[in-house]
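First up is the structure itself, then whatever we jot down about it.
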Amino acid sequence: MRKDVDLRFTLSDEPDRALSVLDLLNGKVLLPRKSQADIEALKHLAASGNAQAQYELAKALTAGTPPAQNNREAVKWLKKSAEKGHAQSEHLLGILIARGQGIRPNPEKAAALFRRAATLGYAPAQYDLARALLWGFGARVDAREALTWFRLAAAQGHVLSQKESAESYKTGRGCQVDLRQATLYLKKAVLGGWTQGCAELANLYMRPDNPAQNESEAVRWTAEAARNGDAASQYRLALFYASGRLVDTSGSLALSWAVRSANGNFIPAYLLCARLMQNQKRPITALALLICAERCAQNAKDLQAQTECTLRRKEIELTLAARQIKQAENIATTTTDLMQIIRTHQDETIETENASL
């Protein structure tokens, strides 16, 4: 990539995805693309000198086809509205210049436009100016000033700026490490819809060096991350239930979350599933699970995990007859569905006891 182009500056700070339940609860909607009739109406209004219409037209053009021709036209309208001090236009024009999209790239000019729009209080521009300062794009690297702009945008509810502010306080980027502030900003980001941060927020609440350490909050956000599909959090939640830190009224929640985590190829979760099966005196199922875990570790080229799986497998094999070991191998070969392995062979306790007689 050219050094004067940076595609990390995007035309929207919203990821291109379907809305989550949390998004819908927060009142977000997916807006349809503007029709050709809408664009023609915007062109008429933009031609009359309306800065907002010029910006909206440019935004619609950058999302259209063919992109090269529309980008050049978008730049033309953005220049007109930016001359009027329209913050959103200055920001979008800066992004197009940073990306070299419809106009020759110029990092210094892009950063200057970000600064102009940021000074006018436009949060997305404050966010992009802060990133430019962090990366040294069109400006000298200044992590301290970057944090100032992240915080200003965060104060307006800009979620990604809240996330970056948290990262700064957590790592000491442009400031002293302050885990209390990191926790505060990250929680705002998560509550604002950045659900990817749930697991990280749980980790912060569990840190003993965090003045804001709070076990109940750690459990709460671990559960939220687990529900969002984070395999490591699903494993941790399973441990909470298995250890008694959370009450398992059904008696199956630890296993259920461990299986979900293992289905995400999180190898420690396989080992937990096997241990839970051993606790239920189901060594054949435990061995089948360990064989699956060993195969998963081998596919992932994780030598340490593979070694641990092998040691656990050999420990169980020492307690079983050759026929039972063969049975476990057949189970592991027949299916990779862990819950099916667990449910299908629930009568093995009786079989194992009979084999020992």
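The values are calculated or read from the model by the stated rules, or taken from the named source; none is laboratory data. The shown structure was predicted, so the numbers you read here are calculated from the model rather than taken from an experiment. Cβ: placed from backbone, ideal geometry, glycine included. Neighbour counts: every protein chain shown.
Which condition from (1) at pLDDT 95 or above; (2) buried (at least 19 other Cβ atoms within 10 Å of the Cβ) is the one that G102 breaks?
(1)
Can you tell me which condition T222 does not meet? The list is (1) within 15 Å of the chain's Cα centre (by Cα); (2) β-branched (V, I, T); (3) under 26 Å from W149 (Cα atoms), and all the others hold.
(3)
Kindly indicate whether A125 is surrounded by 18 or more Cβ atoms within 10 Å (Cβ to Cβ) and under 23 Å from E164 (Cα atoms).
yes
Write out, first by first residue and then by second, each pair whose Cβ atoms fall under 9 Å of each other, whose residues are 6+ apart or on separate chains, and whose first residue, in segment 299-315, is assigned by TED's automatic domain parsing to the domain that holds F266 while the second is surrounded by fewer than 16 Cβ atoms within 10 Å (Cβ to Cβ) and outside any helix (DSSP H, G or I).
Final answer for the pair search is N299/N265; A300/N265; Q306/A300.
Is there any pair with a first residue in segment 159-183 that is among the small types (G, A, S) and a second that is outside any helix (DSSP H, G or I) whose Cβ atoms are under 7 Å apart and which are 6 or more apart or on different chains, and what are they?
Correct list of pairs: S168/G174; S168/C175.
Given the criteria modelled with pLDDT of 95 or more and of a type in the set (S, T, N, Q), does T310 qualify?
The answer is yes for T310.
List, please: which pairs have Cβ atoms under 6 Å, are six or more places apart or on different chains, and start with a residue in segment 274-296 that is over 20 Å from A322 (Cβ atoms) and in the same structural domain as R312 (by TED's automatic domain parsing) and end with one that is among the aromatic types (F, W, Y) and part of a helix (DSSP H, G or I)?
Qualifying pairs under 6 Å: A293/Y270.
Could you go through segment 46-68 and let me know if any residue there is assigned to a helix (DSSP H, G or I), out of contact with any His (no Cβ under 9 Å at 6 or more places or on another chain) and among the polar types (S, T, N, Q).
Yes, some residue in segment 46-68 is assigned to a helix (DSSP H, G or I), out of contact with any His (no Cβ under 9 Å at 6 or more places or on another chain) and among the polar types (S, T, N, Q).
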